[in-house]
Amino acid sequence: MAEQTKTNQFHDSEDGDIFDLYNACDGQLQNGLLDIRQLDEFSDAERAELNMTRLRETWIHTASGCSQCEEIVQILNSARGMLSDKKEPFAEPVYDLSTTHAFVN
Ligand SMILES: [Zn+2]
C-alpha cells in the first residue's frame, strides 16, 4: 500500500511530476526516456523556479521502467505530433497575391 502511493505520486493528477518533467525536457527523448540532459540547459534563474531535485527524482522513476509514465510520455508526444502536423502536410498550394500583383504591374 505504501509502495503503491510512493510510485503513484509521480503521475498523480494533482502533482503531475511527469508532466513537469516532460515540459522541462521539451519532450525530447533519449533512448526512449525523456532526455535528462535538457535539464542542464536551464539558466540558474530557471533552475531556481523548477524543482530540479524533484525533476531528477521523477526521471529516475521513469528510468526504472514505469509503464504508466512511458504511456503518458507517448500520449504527450503524439498530441504534440498532431499539432505540428497541422502546419505542413495538408497545406494547399497558395497563390501569392503580392507576387502576382507585382508581376502585373
Ligand atoms: Zn511512473
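The values are calculated or read from the model by the stated rules, or taken from the named source; none is laboratory data. This structure is a prediction, so every number in the text was calculated from the model and none was measured. Positions of Cβ are backbone-derived with ideal geometry, glycine not excepted, and every protein chain shown enters the neighbour counts.
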Query raised in the report: Checking VAL73 against (1) surrounded by 14 or more Cβ atoms within 10 Å (Cβ to Cβ); (2) more than 16 Å from the ligand (Cβ to nearest atom); (3) among the β-branched types (Val, Ile, Thr), which single condition isn't satisfied?
Result: (2)
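Under the condition of being of a type in the set (Ser, Thr, Tyr) and either part of a helix (DSSP H, G or I) or surrounded by 15 or more Cβ atoms within 10 Å (Cβ to Cβ) (or both), which residue from region 4-24 is modelled with the highest pLDDT? Walk me through how you get there before you give the answer.
Just the residues of region 4-24 that are of a type in the set (Ser, Thr, Tyr), to begin with: 5, 7, 13, 22.
Keeping just the survivors that are either part of a helix (DSSP H, G or I) or surrounded by 15 or more Cβ atoms within 10 Å (Cβ to Cβ) (or both) gives 5, 7, 22.
Working: THR5: 53, THR7: 60, TYR22: 95.
Only one residue tops the list, namely TYR22.
Given the criteria of a type outside the set (S, T, N, Q), free of Cβ contacts under 8 Å to residues at least 24 places away in the same chain and surrounded by fewer than 16 Cβ atoms within 10 Å (Cβ to Cβ), does ARG54 qualify?
Details: of a type outside the set (S, T, N, Q): yes; free of Cβ contacts under 8 Å to residues at least 24 places away in the same chain: no; surrounded by fewer than 16 Cβ atoms within 10 Å (Cβ to Cβ): yes.
For ARG54, the condition - of a type outside the set (S, T, N, Q), free of Cβ contacts under 8 Å to residues at least 24 places away in the same chain and surrounded by fewer than 16 Cβ atoms within 10 Å (Cβ to Cβ) - is not met.
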Requested in this report: Go through region 32-84 residue by residue and tally those that are at pLDDT below 90 and either hydroxyl-bearing (Ser, Thr, Tyr) or not in a helix (DSSP H, G or I) (or both).
Outcome: 2
